[in-house]
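First the structure, in the form of structure tokens, and then the observations on it.
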Amino acid sequence: MTTDARSDARIEAEVTLPAGGRSPGWGALAIVMVGTFITVLDYFITNVAVPTIQVDLRANHAQSQLVIIGYGVAFTAAMITGGRLGDLYGRRRMFSLGMLGFTIASGLCAVAQSPEALIAFRVLQGAAAALMVPQVLGIIGVVYTGAARARAFVVYGLVIGLAGVFGQVIGGVLISVDVAGLDWRTIFLINLPVGVVALALTPRLIPESRGEEGGRLDLVGAVLSTAALVAIVYSLVQGQEEGWPLWSWLLLAASVPLGALFVAQQRSRTRRDLSPLINMGLFRSRSFSVGLVGMLTYFLAMGSFFFLLALYLQQGRGLSPAEAGLVFLTLGAGYFGSSLLSTKLAARLGPGLYAAGPLTLAVGYVLSGLTASWIGTDGHILWIVPPLIIAGIGMGMTTGPLTGAVLAGADPQYAAAASGVTNTVQEGAVAIGVALVGAVFFPALDAGAPADYPHAFDMGLIPLVAFCLAASVIVRFMQPRAKQ
């Protein structure tokens, strides 16, 4: 029996069919994609609502930023633990618990009466998302095989991009329409019916699965990993917001020994076969370990562009949230089109697709910057549409296919743990990318007049182009070179 056949047999053995005993169809993918969409959507949709939240709840600037940062930090920091819980106690079970928690937390966010309460509920919402999202890639990895799995990962990448794009659109529309005078609260209320329907369908459509090894949750590892990730993400994001005070540097420095201690503790538990939070055997695979580094650099460039473009369109060009959302749709059009074609592109280009995608994205960024400088503050904004379509094409070529290739290199029995690490890298890179771009963009504004925004936009794109080029080089080393 081949290695692939043994892996498929092991996957089949660990999957329990949903109610009715039918083999899982595309309904399972639809449900987990709903979970992916709403969690990524809530990462971006709140950016549009911050001004009205600030007025309605009398929140100061720091509090309004914590509404966004609290969700992002909790989401990023808890995903490794969330993935491990799926391996131990069942991915469908943890997905359902995460969806339930996310739905409840969304309702609490919608009725919050103070900025402090909203921040606390957003942290709870992020923690619930961290329990749910790692199960998505784990479920895809064990439910689908072969060509079906490749298509599922393409859909996953498509959903991530569309959620980022439509976060701007949906948020702008909901706030503009102001349903029943609820204003910003509608951006959280829309999660309630979605969550209820998903919870009802999950046991019918998604089979249960878990890792082979069993064991108990590594609580010490969970605390160390969470502390290290909080130290990194919070210090970078909030430190940039507050002008890099001393505490931000101290907290960032503390992440180094925390991370080193976590790795040493995980290696020790792996050697003693004590059910670590992350089995270090995951990183023996070249495609997984090198792919993670490539994914990190790619998402540093991809997710932070949404942030940069929103600032340029709304504050630099004076577009309303809804108008800016329409411009974002052109980015989404390129993303959607190339995502649909990525399977055919992969068949033709093979692993070269993972390198071609970031290069295409870099071209789109360079052209976007040149166009922004050319049109200045008076030229028609539609001139920027073609570069955005090119950027979207690059994103669609990379996100789903690269994610699938990275996870394909992980041992199937650690599917949820591997997806927890992968999701942590993705979301952490977005948060860190925003902080790094902000550190370049805001100082370049000088007086903050609209005329300064094209230059600041150009400056912010420089590190993003560098990350794209680095990602294109790194992913070339995912596969070992053929022996001569």
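The values are calculated or read from the model by the stated rules, or taken from the named source; none is laboratory data. Quick caveat, the model's predicted, so the values are computed rather than measured. So basically every Cβ, Gly included, is an ideal-geometry build from the backbone, and we count neighbours across all protein chains shown.
Observations on the structure shown:
- Pairs where the first residue, in the range 310-328, is over 16 Å from His380 (Cα atoms) and modelled with pLDDT under 80 and the second is crowded, with 23+ Cβ neighbours inside 10 Å and of a type in the set (A, V, I, L, M, F, W, C), C-beta under 6 Å, 6+ apart: Pro321/Val48
- In the set (1) within 23 Å of Ser106 (Cβ to Cβ); (2) in contact (Cβ under 8 Å) with a residue 24 or more places away in the chain, Ile232 fails one condition alone, (1).
- Only one of Leu370, Leu341, Leu345 that is out of contact with any strand residue (DSSP E or B) (no Cβ under 8 Å at 6 or more places or on another chain), at pLDDT below 80 and either of a type outside the set (Gly, Ala, Ser) or surrounded by 21 or more Cβ atoms within 10 Å (Cβ to Cβ) (or both): Leu345
- Index of the failed condition, Leu246 passing every other in (1) more than 20 Å from the chain's Cα centre (by Cα); (2) touching a residue at least 12 places away in the same chain (Cβ under 8 Å); (3) surrounded by fewer than 18 Cβ atoms within 10 Å (Cβ to Cβ); (4) more than 20 Å from Ser419 (Cβ to Cβ): (2)
- Looking across Ala372, Ala431, one residue alone is more than 23 Å from Val40 (Cα to Cα) and in contact (Cβ under 8 Å) with a residue 60 or more places away in the chain. It is Ala372.
- Filter result for Ala130 (in contact (Cβ under 8 Å) with a residue 12 or more places away in the chain and under 16 Å from the mean Cα position of the chain (by Cα)): yes
- Single residue of the range 290-326 satisfying the filter (of a type in the set (S, T, N, Q) and buried (at least 17 other Cβ atoms within 10 Å of the Cβ)) that is nearest to the chain's Cα centre (by Cα): Ser304
- Residue count for the range 179-212, restricted to those that are in contact (Cβ under 8 Å) with a residue 24 or more places away in the chain, small (Gly, Ala, Ser) and closer than 30 Å to Val55 by Cβ: 1
- Flag if Thr46 is farther than 30 Å from Arg204 by Cβ, under 20 Å from the mean Cα position of the chain (by Cα) and modelled with pLDDT of 75 or more: yes
- Those residues of the range 280-289 which are among the hydroxyl-bearing types (Ser, Thr, Tyr) and either in contact with a helix residue (DSSP H, G or I) (Cβ under 7 Å, 6 or more places away or on another chain) or crowded, with 22+ Cβ neighbours inside 10 Å (or both), in sequence order: Ser287, Ser289
- Only one of the listed residues (Ala429, Ala415) is at pLDDT below 85, assigned to a helix (DSSP H, G or I) and of a type outside the set (D, E, K, R). That residue is Ala415.
- Entirely in the range 111-194, the helices (runs of 4 or more DSSP H) that have 3 or more residues that are surrounded by 24 or more Cβ atoms within 10 Å (Cβ to Cβ): 115-143, 146-177
- Residue match in the range 419-439 (condition: among the small types (Gly, Ala, Ser), over 29 Å from Ile69 (Cβ atoms) and crowded, with 24+ Cβ neighbours inside 10 Å): no
- Qualifying positions in the range 27-52 - within 17 Å of Arg122 (Cβ to Cβ) and surrounded by fewer than 22 Cβ atoms within 10 Å (Cβ to Cβ): Asn47, Val50, Pro51, Thr52
- Test: residue in the range 272-279 that is surrounded by fewer than 17 Cβ atoms within 10 Å (Cβ to Cβ), assigned to a helix (DSSP H, G or I), at pLDDT 80 or above and among the basic types (Lys, Arg): no
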